[in-house]
Amino acid sequence: MKGRALLGKKWSAGRLRRYREGVARRKAAGLYEGRLDPRTEVLTIKCSNPECGKDFPFTFSPRISRTKKRFCTHACQLRANHDLRTRVPEADELREMYKTMTCAEIGKILNMTGGAIRYALIRYGIPRRKAGGRTKAEKCKATSGQ
């Protein structure tokens with residue numbers, strides 16, 4: 001089966017010249033203005049990431065909020081918002097919860113999976129319990145904090 005005839009072909013030199021002439025004609029007629037709305041302005045603002053604080057140009061049009069946080073790059077935004085996106089509690093709080101609850105129970109409270117809680121336990125270096133039920137002595141030992 002043959003592919004399409006024009007697939008991968010470039011414009012001929014004449015067609016490209018005619019296209020560029022048409023664009024130049026429309027620009028001269030004023031159809032391609034630099035700014036569509038006269039209230040649009042380019043301002044130099046500071047990156048909202050406290051670690052960065054770099055100045056960068058940003059184009060504000062009337063529909064764009066001027067009070068929102070602005071970041072110089074997408075990577076800078078991810079670094080700044082990383083702590084806001086994580087739902088795992090701090091190590092001490094997680095250790096206290098893990099003494100009396102299972103990973104699945106903690107995950108249900110925090111709206112996460114048990115696997116994410118297990119991963120956080122490993123990352124914080126909190127020792128995991130053995131699989132299976134615990135004896136009454138082990139439960140008392142876990143709740144007493146020893």
TODO: Mind checking which of C47, A75, I64 is farthest towards the positive end of the stretch 41-85's charge dipole, using Cβ charges of +1 (Lys, Arg) and -1 (Asp, Glu) about the Cα centre?
DONE: I64
Task: Cα gyration tensor, the stretch 53-92 - rounded (a/c under 1.5), prolate or oblate - done: prolate
TODO: Count the net charge of all other residues whose Cβ sits under 10 Å from the Cβ of F56, scoring Lys and Arg as +1 and Asp and Glu as -1.
DONE: +2
TODO: At 0.36 nm per residue, minus the direct Cα-Cα distance, what do A91 and F60 gain on full extension? Give it in nm, one decimal, please.
DONE: 6.9 nm
Task: Stokes-Einstein D for the stretch 7-125, Kirkwood Rh over Cα pairs, 4 °C, 1.567 mPa s (µm²/s) - done: 64 µm²/s
Task: Inter-label distance, nm, simple model (7 Å from Cα along the C-beta direction), A28/R79 - done: 4.9 nm
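All of the numbers you see were taken from the coordinates with simple rules; none came from a lab. Since the model is a prediction, treat every value here as computed from it, not as a measurement. Cβ: placed from backbone, ideal geometry, glycine included. Neighbour counts: every protein chain shown.
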